[in-house]
1. Between ARG113 and ARG50, what FRET efficiency comes out of the Förster formula 1/(1 + (r/R0)^6) with R0 = 30 Å and r the beta carbon distance, rounded to 0.05?
2. Based on Cβ point charges of +1 for Lys and Arg and -1 for Asp and Glu, what charge dipole magnitude is obtained for the chain about its Cα centre, in debye rounded to the nearest 20?
3. Order of ARG22, ARG88 from fewest to most other C-beta atoms within 10 Å?
4. How many nm separate the modelled label positions at LYS72 and VAL87, each set 7 Å beyond the Cα in the direction of the Cβ?
5. Under the rule of at least 5 residues apart or a separate chain, name every residue whose amide H is placed under 5 Å from the amide H of VAL84.
6. Take MET55, MET192, MET202, MET20 and order them by how many other Cβ atoms sit within 10 Å, fewest up front.
7. Only bridges whose two residues both fall in segment 25-173 count here: according to DSSP, what percent of them are antiparallel, nearest 5?
8. Most fluctuating residue of THR221, THR178, THR146 in a GNM of the chain with Cα springs under 10 Å: which is it?
Amino acid sequence: MNIETSPKSKVLIIDDESQMRRLLRASLERHGYEVAEAANGKQGLDEAVRQQPDMVLLDLGLPDTDGIEVLKRLREWTKAPIIVISVRYHEDEKINALDNGADDYVTKPFGPRELLARLRVAERHRKVSTATTSFHCGHLSVDFETRTVKRGDQKIKLTATEYSILRLFIQHAGKVLTHGQILRAIWGTEDMEKTGYLRVYMAYLRDKLEQNPSEPTLLVTEPGVGYRLVIDEPVLH
């Protein structure tokens, strides 16, 4: 089954700037999306319940409620991809948003082509099911039932930790995973002093999975934040 962006996906925009909402609506509708809007946090939460959007674009600088609080409230009940759009650009703020459930982070100002690309990735991530038995993307293929990993036709032997990290990335394909999120999931700790362990294992995985480990295109670094498994039309079974 090829995963493609649905032309009828509904996007909820939560942003207090009316001009920004108009620009986003025009661009999204031109590319086949349905659009709903909210001008503050309370309205955004109400619209999310009422509209049941496929994806959410969330500004952090809302007039009534901090965007992070809105993000946390949304994550209490919805798994829809949430892309933060904000003028806040510091790494700590990006990490805070991602750690609290955001799937991606785009800093204002941004171009419409960049945002549409992020939405396509978010849509593919939404459709990646952890109940699938296999995953194929580019030269990488994984059979979860037999724990078989291949690069092209070559079978790759992974350690238990390497396989756990790879599976975590596949479960969140296309999404930025922060150092803290990976450390919690794999080692049960948020101790950032353990980031060195993670860096070593990422090097091992790249050596085994990337066609050119020195210039990774599959497991890419998000500087100062974490890592992302890049997906382009994955095939799931």
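1. Computed FRET efficiency for ARG50 and ARG113: 0.50.
2. Details: 34 positive and 36 negative charges, 137 e Å.
Dipole about the Cα centre, nearest 20: 660 debye.
3. Starting with the residue having the fewest Cβ neighbours, the order is ARG22, ARG88.
4. So the label points at LYS72 and VAL87 sit 2.5 nm apart.
5. LEU58, ASP103, ASP104, TYR105, VAL106
6. Listing MET55, MET192, MET202, MET20 from fewest to most nearby Cβ atoms yields MET192, MET20, MET202, MET55.
7. 60
8. Looking only at THR221, THR178, THR146, the largest GNM fluctuation is found for THR146.
Values in this text are rule-based calculations from the coordinates and carry no lab data. In this text, all values refer to a predicted model and were calculated from it rather than measured experimentally. Here Cβ is always computed from backbone atoms with ideal geometry, including for glycine, and neighbour counts include all displayed protein chains.
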